[in-house]
1. Taking segment 51-62, which residues are farther than 11 Å from residue 97 by Cβ, open to solvent by less than 50 Å² (accessible area, probe 1.4 Å) and part of a loop (DSSP other than H, G, I, E, B)?
2. Suppose we keep only residues that are open to solvent by less than 40 Å² (accessible area, probe 1.4 Å) and hydrophobic (A, V, I, L, M, F, W, C) within segment 94-130. Which one would you say is modelled with the lowest pLDDT?
3. Considering 82, 73, which residue is buried (at least 17 other Cβ atoms within 10 Å of the Cβ) and closer than 20 Å to residue 136 by Cβ?
4. All but one of (1) under 24 Å from residue 161 (Cβ atoms); (2) part of a loop (DSSP other than H, G, I, E, B) hold for residue 45, so report the exception by its number.
5. Filter segment 131-164 down to the residues that are crowded, with 17+ Cβ neighbours inside 10 Å and part of a loop (DSSP other than H, G, I, E, B) and list them by number.
Amino acid sequence: VDMDGVLCDFDRAVNEHYAARHPDEPLLPLADRSFFYMRKNYGERFGPHAAERVKLITESEGFFENLPPIPGAIDAMRQLDAHPDLHVVICTAPLTQYHFVLREKYAWIEKHLGSSWIQRIVLTKDKTLVCGAVLVDDRPEVTGMLHPPPWTHVLFDQPYNRHL
């Protein structure tokens, strides 16, 4: 199960931080997102300065650790984990600017799901290399070295992937 956009409400957090840091600037209506990357959405709508602001927000200390959970996500993970025939792991791709991201993703998981989940985190830039039956992810196209990947992609609904 992916983390950002599936378990964590990345988009809402970006908009909240953006509004707090730039109260006189317009916000991107989340329902209007058409690109996977929030930075690209802001850049296309409001220009390169807005895209850079989003980048700085997502790279800032505390951003990932304090992402709000998507409503129902924590309960869903607990239900999946309780199923005797499933081995559920969190498969997440860190940002390239990882200075705070790695530690904060671990902290978020421990806070919201418990310390037992720390042993079930896969951090990778290429999710196609991860073995499993299913990948629940909001990214419209998960690509990498293996084509096709060894899992079935279950697309988690978000405005930017509804065209599929």
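The values are calculated or read from the model by the stated rules, or taken from the named source; none is laboratory data. The structure presented is a predicted model; accordingly, all values stated were derived computationally and were not measured. When we count neighbours, we look across all protein chains shown, and the Cβ atoms used for this are built from the backbone with ideal geometry, even at glycine. Accessible surface areas use protein heavy atoms only, side chains included; no ligands, DNA or RNA. Shrake-Rupley method; radii C 1.70, N 1.55, O 1.52, S 1.80 Å.
1. 62
2. 101
3. 73
4. The number of the failed condition is (2).
5. Listed by number, the residues that qualify are 138, 139, 142, 149, 151, 156, 158.
Matching residues to (1) within 18 Å of the chain's Cα centre (by Cα); (2) surrounded by 14 or more Cβ atoms within 10 Å (Cβ to Cβ); (3) within 30 Å of residue 133 (Cβ to Cβ):
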site	(1), (2), (3)
5	yes, yes, yes
16	yes, yes, no
23	no, no, no
26	no, no, no
34	yes, no, no
40	yes, yes, no
